[in-house]
Amino acid sequence: MSHYETRQVGTSTVVQPTGRLNMVAAPRLREQLRDLVENGSHRLVVDLSTTDFIDSSGLGALVSGLKAARQAGGDLRIAAPTAQVQSVLALTRLDRVLTTHDSADVAFDGD
């Protein structure tokens with residue numbers, strides 16, 4: 001199974017899915033976020049700057065990752081969502097649950 005690009009930014013692990021985050025791609029993201037948390041990465045940032053589409057499956061993967069991170073004493077934050085992604089987050093009101101930031105570099109600033 002392929003994984004999305006990951007990198008470290010300070011004490012955070014950044015995951016960057018590219019393209020469509022839909023029912024085909026979302027299970028990979030869900031699994032990768034779970035694996036990261038299980039392996040000790042509790043401060044996760046999902047960089048959505050190269051994600052041009054998200055559906056309910058993609059949102060489910062993000063919420064699943066958020067739940068796993070918080071249960072481990074951490075958090076999951078969103079960075080640089082595209083216009084389509086930001087619109088879906090707002091329409092579903094998940095923008096109130098999934099904290100968004102301008103970039104992955106600043107997602108955990110101040111924490």
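The values are calculated or read from the model by the stated rules, or taken from the named source; none is laboratory data. The structure displayed is predicted, hence computed values, not measured ones. Because the Cβ atoms are built from the backbone with ideal geometry, glycine has one as well, and the counts that use them run over all protein chains shown. Only protein heavy atoms, including side chains, enter the accessible area calculation; ligands, DNA and RNA are left aside. Shrake-Rupley method; radii C 1.70, N 1.55, O 1.52, S 1.80 Å.
Amide H to amide H, with H built 1.01 Å from N, T100 comes under 5 Å of I78, counting only residues 5 or more places away or on other chains. A crude spin-label estimate for the pair T92 and D105, with each label 7 Å from Cα along the Cβ direction, gives 2.9 nm.
Helical content of the chain, expressed as a calculated mean residue ellipticity at 222 nm, amounts to -11000 deg cm²/dmol (DSSP H runs of 4 or more residues, -39,500 (n - 2.57) each, divided by residue number, nearest 500).
For the chain, what number results from the quotient of the Cα radius of gyration and 2.2 N^0.38 Å?
Numbers: Rg = 12.3 Å, N = 111, 2.2 N^0.38 = 13.2 Å.
The chain yields a ratio of 0.94.
Measuring nothing but protein heavy atoms, the accessible surface of the chain at 1.4 Å probe radius is 50 percent carbon and sulfur.
By DSSP, what percent of the beta bridges with both residues in region 1-71 are antiparallel, rounded to the nearest 5?
DSSP beta bridges in region 1-71 are roughly 45 percent antiparallel.
Rolling a 1.4 angstrom probe over the protein heavy atoms with all chains in place gives region 1-64 an accessible area of 48 Å² per residue.
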